[in-house]
Ligand SMILES: Cc1cc2nc3c(=O)[nH]c(=O)nc-3n(C[C@H](O)[C@H](O)[C@H](O)COP(=O)(O)OP(=O)(O)OC[C@H]3O[C@@H](n4cnc5c(N)ncnc54)[C@H](O)[C@@H]3O)c2cc1C
Ligand code: FES
């Protein structure tokens, strides 16, 4: 695998068009890239990160010298295998590339231009373009956050974020960490934090786990998921971690940093039950309410989306992972949250399908192997839907808020200001609230507050979820100079 | 399992030699390969930015480059995402006060 730090990458990496550009080097993108390359395509694999693996296989930087990185991961051998295939392949790995948009090239749907800025945090300010005949979007997910009083206090961190910081930097946000929110990721996070030496006094889950029992078929068909749950369950027991279901953190206490949290019982709709609050001492809180597919690159090209059972939007895909825009495929969390194993399966299907298209060999997609992959995918998707339905946020979560709670962390817009925009100025959707209050207009472009603002905008009694998929013009904020340097008439020409 | 184990022990880390960085004039030790945010966390520091309006303390939140809450001034350059930028020997990190958008098309 030709590989070099992004900033020193030879300019010929950006020259001739690739057969396939893969955006995202997590389970899905990595599998898609090596599969297509092994079938004979020229492939560029772009990722913001310096290392492959994505969120699940996030690994410490080599300089940290971890001899047992697998201690923080399940299913390590699958990743080792992917890395081996990548090394052996001709895939051009473009690390440190933050893709901010994908545009149609001069040939319409048969040529795409992938625009990226380089550097560890995209501040290298070197705009680059990669041209490709087909594109695989494998950008993964971000964590869904719902606000509550005190959630901006230092020491409150995303659950997936705590996991990511632990896996990559070998650090913990505190010594006594409560894990809270909703979704299966919480169990994984709690067991790694505990294994790494943190005390986890409680895992606080707003839903019950009965939702799974209502769909026993999907569970029985996915024994690996059961095994995974048992592994986490056993680890949690061993570390004396208590799982409290139908409960939520309704307040964080502390002045300079987290000192304690109040955990309250919630009803089926996630409404806090009066008088049930109990204080738990801790110095950090890791919180998240499920994951949201990152689909901006695709939706700005007009790709159709579907509503998922937990109220987010994922890309609408056909049986071979192609989006509604021909030539653009998607795999992994972009097509709906489903975990690492599903992401790998979908990556393999998408990589094969892109190769079949480019090589003009449709028979590639009718092999026994692809049929088996598709069966596996369908089974895992069914389970993912069960899981999503079991953790859909109840509309009562808005009662966790008081008027002074910041909802938009970037612009410091409070729940009170948003309610005022809704009640007094008649705002009914996130876009109007944004114009009136600046909620969602900050650096993160509404990634952290989008779900919450949409719920509040929809008003009391409305569905608990946003009415429309988010549209952000740029997938990552880019320096103004980069936009200025773009020549619209030269979308397929070399940069600078 | 031992209660007092550390993340580094768990993965059997044998890092290259640690080095010094400074945070608001205080000297800290960082490990090669750690992000600035990770180095600050391991020194027990959770906040290195104050917000523009309320002046409230913030640090890393999403941990993966998406929330921009971890912005820090690193070697005099503001608005760097500390969760993404690797710590380097001699780095000077300062608490970033206020101002946000400068020069960004968000
Ligand atoms: C913070 C976080 C932590 C998680 N931790 C776990 C865990 O511990 N256990 C678990 O089972 N699941 C975890 N998940 C769920 C995880 O997303 C899936 O299990 C699995 O990693 C999905 O694989 P994927 O390839 O679809 O996406 P990912 O693994 O997320 O890979 C997507 C890749 O795309 C890259 N990318 C995104 N946008 C761009 C862009 N604009 N330009 C360039 N590159 C881009 C990202 O850097 C990333 O490497 C986590 C999710 C998140 C968000
Ligand atoms: S912690 Fe969210 S961007 Fe760094």
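The values are calculated or read from the model by the stated rules, or taken from the named source; none is laboratory data. Nothing here was measured: the structure is a model prediction, and the numbers come from that model. Glycine also receives a Cβ, built like all others from the backbone with ideal geometry; neighbour counts cover every protein chain displayed.
Points worth noting:
- Selection of the stretch A:165-185 for residues being more than 12 Å from ligand 1 (Cβ to nearest atom) and in a loop (DSSP other than H, G, I, E, B) yields A:170, A:171, A:172, A:173, A:174, A:175.
- Pair list, Cβ under 7 Å, 6 or more apart: the stretch B:61-72 residue more than 7 Å from chain A (Cβ to nearest Cβ), other residue within 6 Å of ligand 2 (Cβ to nearest atom) and in a strand (DSSP E or B): B:70/B:81; B:71/B:81
- Test: residue A:147 is more than 14 Å from ligand 1 (Cβ to nearest atom) and either in contact (Cβ under 8 Å) with a residue 40 or more places away in the chain or not assigned by TED's automatic domain parsing to the domain that holds residue A:312 (or both): yes
- Identification of strands (runs of 3 or more DSSP E) wholly contained in the stretch A:104-164 with 3 or more residues that are surrounded by fewer than 24 Cβ atoms within 10 Å (Cβ to Cβ) and away from ligand 2 (no atom under 16 Å from the Cβ) yields A:108-118, A:127-137.
- Listed by position, the strands (runs of 3 or more DSSP E) contained in the stretch A:305-393 that have at least 2 residues being more than 16 Å from ligand 2 (Cβ to nearest atom) and within 28 Å of residue A:209 (Cα to Cα) are A:305-307, A:313-315.
- Residue check, residue A:285 within 14 Å of chain B (Cβ to nearest Cβ) and away from ligand 1 (no atom under 11 Å from the Cβ): yes
- Single condition residue A:141 does not satisfy, out of (1) under 21 Å from the mean Cα position of the chain (by Cα); (2) more than 21 Å from residue A:192 (Cα to Cα); (3) more than 8 Å from every other protein chain (Cβ to nearest Cβ): (2)
- Residue within the stretch B:38-60 that is within 24 Å of residue A:443 (Cα to Cα), touching a helix residue (DSSP H, G or I) at 6+ places or on another chain (Cβ under 6 Å) and facing chain A (nearest Cβ under 7 Å) present: yes
- Residue ID - nearest to the other protein chains (Cβ to nearest Cβ), chosen from residues in the stretch A:72-84 that are within 12 Å of ligand 1 (Cβ to nearest atom) and part of a helix (DSSP H, G or I): A:72
- Among the residues listed as A:55, A:51, the single one being away from ligand 2 (no atom under 16 Å from the Cβ), in the same structural domain as residue A:104 (by TED's automatic domain parsing) and under 20 Å from the mean Cα position of the chain (by Cα): A:51
- Scanning the stretch B:84-96 for residues being away from ligand 1 (no atom under 16 Å from the Cβ) and either within 12 Å of the chain's Cα centre (by Cα) or outside any loop (DSSP other than H, G, I, E, B) (or both) gives a total of 8.
- Within the stretch A:261-304, strands (runs of 3 or more DSSP E) holding 2 or more residues that are away from ligand 2 (no atom under 16 Å from the Cβ): A:278-281
- Looking at A:30, A:20, just one residue is in contact (Cβ under 8 Å) with a residue 60 or more places away in the chain and either surrounded by fewer than 24 Cβ atoms within 10 Å (Cβ to Cβ) or touching a strand residue (DSSP E or B) at 6+ places or on another chain (Cβ under 7 Å) (or both), and that residue is A:20.
- Of all residues in the stretch A:10-60 being more than 14 Å from chain B (Cβ to nearest Cβ), part of a loop (DSSP other than H, G, I, E, B) and more than 17 Å from residue A:345 (Cβ to Cβ), the one that is nearest to ligand 1 (Cβ to nearest atom): A:52
- Some residue of the stretch A:61-71 being within 15 Å of ligand 1 (Cβ to nearest atom), under 30 Å from residue A:127 (Cβ atoms) and not assigned by TED's automatic domain parsing to the domain that holds residue A:164: yes
- Of everything listed in (1) without any contact (Cβ under 8 Å) to a residue 40 or more places away in the chain; (2) at the interface with chain A (Cβ under 7 Å from one of its Cβ atoms), the single unmet condition for residue B:35 is (1).
- Subset of the stretch A:261-277 [at positive phi and surrounded by fewer than 23 Cβ atoms within 10 Å (Cβ to Cβ)]: A:275
- Some residue of the stretch A:394-406 being surrounded by 20 or more Cβ atoms within 10 Å (Cβ to Cβ), at pLDDT below 90 and in a helix (DSSP H, G or I): no
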